[in-house]
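Below you'll find the structure, written out as structure tokens, and then a few comments.
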Amino acid sequence: MVRIDRPRGTRDFLPDEMGERRSIESVFRGVVERWGYGEVKTPTFENLDLFTIKSGEGISDEIYTFMDKGERQMALRPELTAPVMRLYVESFQVSAKPCKLFYFDNCFRYERPQKGRFREFWQFGVELIGSSQPEADAEVITLAVEMLSSVGVKGELHIGDLSIIRSIIEELSPAQQSRIMRLVDKKDDAGLEYYLGEINAPSALCEKLFSLISLSGRDTLKEALKITGDLPEFDRFRRTLELLDALDVEYTVDLGIARGLDYYTGMVFEIYSNQLGAQNQICGGGSYKLTHLFGGKETPSTGFGIGFDRVMEICKPRRPKTPSLYLASFDDTRTDAMKIAKKLRKHIKVDMDVMNRRFKDQLKHANSVGSDFVLILGKNELESGKIAFKNMESGEQELLTIDEAIERVQ
RNA sequence: GCCUGGGUAGGGUAGCUGGACAUCCUAUGGGACUGUGGAUCCCACGACUCGGGUUCGACCCCCGACCCGGGCCCCA
């Protein structure tokens, strides 16, 4: 016999865990729906080009790809922003703006599995499409924070704006810019200095760059303004922060955030949890422009993705326990018991024996699966048109009609 | 891709500087017990991750693969 295991980096979810996941999911759904977002679903696989066109080098190596029978290069989606933007271009370009969408689906990346990192993982995210206003950025960030706090997760929010650092390195090639952003993101100052020397970057640029990334604290923006001179991006960023202040959202300004995907253009943010190991980022997002790459008009958008599995690691969902009922019967009442169970199940959760167990063993089983109540249907009960209702905790038992029994557990 | 620790029934474990049938607990199914559960006892079930090598003989030693955990890189 050949034993077949789960593919590496994937998981099975058992009923208890699924219950917890569903309960968190429904809290998230409740929040985004109240904020006016509508759900979309995109295919599990797409044309590979959708992801390679602009997501950057990093993600290309970790995509699951395959050739279909028509010799097309396909890919299991590694993220959902690009697919949702593709969907937007196909279906929502002429709809009223802004277009507010959310999704909850699995993504795939070929990476080394670790705590909080899997090859199949779930993302819950939103995209607010069509607005370039700071109000849009502020709404999206606030929503992310709100979602996490709605399930009891405390995170540390870091916000940056790529256009500020970009403005001083824009004279360099895109590849050089990208490399620099990565070093900045890693906070690898030595590596950054070495690289800047290697490409012969002007010393004025280096000086500005290093003073920018060393900024922190409340006056970060004011100081940055002195270094870069006036930029239109500053106003938008400043207004975003003002709004967050007004909404009581706590944050840290961090101009060094770069993000792993290359399509972000302006505001970027990340939320970390200190309750995880190395994989401590539970949410990431920002503003970007992607639609023109998929044949649409250039459309400013802002969105984020929450690492659902990482949230599950942190929060301990408590599920409301519904009372469970077990219907016990005898050989001569089995048929009637099944009929009654079918009727009861229109209203409440009922379990019953399907192993042809003896009466005593049925009670034993009801006990071991933690039933709260047992309904007993024997010849006596059947003749009286009632059913015995036994409380498994107290051991007390009484004779009730079916309707009374339903009422008792609801 | 790199570094590091680890894999014995469904879960938890003992054993191994090489020696006969691999220990115990728990879970599950059945019985003691054909209308009343939780206890007890009995029975059944069920494992050395896989493949090579060394050896008269490998769960144990060596090599490789696979998988899991932790870290790096990257990211959610």
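The values are calculated or read from the model by the stated rules, or taken from the named source; none is laboratory data. Because the structure is predicted, anything quoted here is derived from the model rather than measured. Cβ coordinates were reconstructed from backbone atoms using ideal geometry, including for glycine residues, and neighbour counts include every protein chain displayed. All accessible areas refer to the heavy atoms of the entire protein, side chains included, with ligands and DNA or RNA removed. Shrake-Rupley method; radii C 1.70, N 1.55, O 1.52, S 1.80 Å.
Just a few scattered comments:
- Some residue of the range A:15-34 being among the hydroxyl-bearing types (Ser, Thr, Tyr) and more than 19 Å from residue A:103 (Cα to Cα): no
- Any hit, the range A:329-349, residues being small (Gly, Ala, Ser) and part of a helix (DSSP H, G or I): yes
- Scanning the range A:117-150 for residues that are away from RNA strand B (no atom under 16 Å from the Cβ), of a type in the set (A, V, I, L, M, F, W, C) and either in contact with a Lys or Arg (Cβ under 6 Å, 6 or more places away or on another chain) or under 18 Å from residue A:276 (Cα atoms) (or both) yields a total of 1.
- Restricting the search to strands (runs of 3 or more DSSP E) fully inside the range A:91-209 and requiring at least 1 residues that are in contact (Cβ under 8 Å) with a residue 24 or more places away in the chain, crowded, with 17+ Cβ neighbours inside 10 Å and in contact with a Cys (Cβ under 8 Å, 6 or more places away or on another chain) gives A:120-129.
- Within the range A:271-283, the set of residues being open to solvent by 10 Å² or more (accessible area, probe 1.4 Å) and near RNA strand B (Cβ under 10 Å from one of its atoms) comprises A:272, A:276, A:277, A:278, A:279, A:280, A:281.
- Tally, over the range A:154-213, of residues that are closer than 21 Å to residue A:304 by Cβ and aromatic (Phe, Trp, Tyr): 0
- Only residues that are surrounded by 10 or more Cβ atoms within 10 Å (Cβ to Cβ) and within 16 Å of RNA strand B (Cβ to nearest atom) were counted across the range A:1-33, and they come to 10.
- Residues that are closer than 21 Å to residue A:331 by Cα, within 6 Å of RNA strand B (Cβ to nearest atom) and under 38 Å from the mean Cα position of the chain (by Cα) within the range A:366-378 comprise just one, A:367.
- Filter result for the condition that a residue is surrounded by fewer than 13 Cβ atoms within 10 Å (Cβ to Cβ) and touching a residue at least 24 places away in the same chain (Cβ under 8 Å), over A:380, A:367: A:367
- Sole exception among (1) more than 15 Å from RNA strand B (Cβ to nearest atom); (2) open to solvent by less than 70 Å² (accessible area, probe 1.4 Å); (3) at pLDDT 90 or above for residue A:47, by number: (2)
- Restricting attention to the range A:284-311, the residues that are touching a residue at least 40 places away in the same chain (Cβ under 8 Å) and near RNA strand B (Cβ under 7 Å from one of its atoms) add up to 4.
- In the range A:301-319 there is at least one residue matching the filter, namely being farther than 20 Å from residue A:117 by Cα, touching a helix residue (DSSP H, G or I) at 6+ places or on another chain (Cβ under 9 Å), assigned to a loop (DSSP other than H, G, I, E, B) and among the basic types (Lys, Arg).
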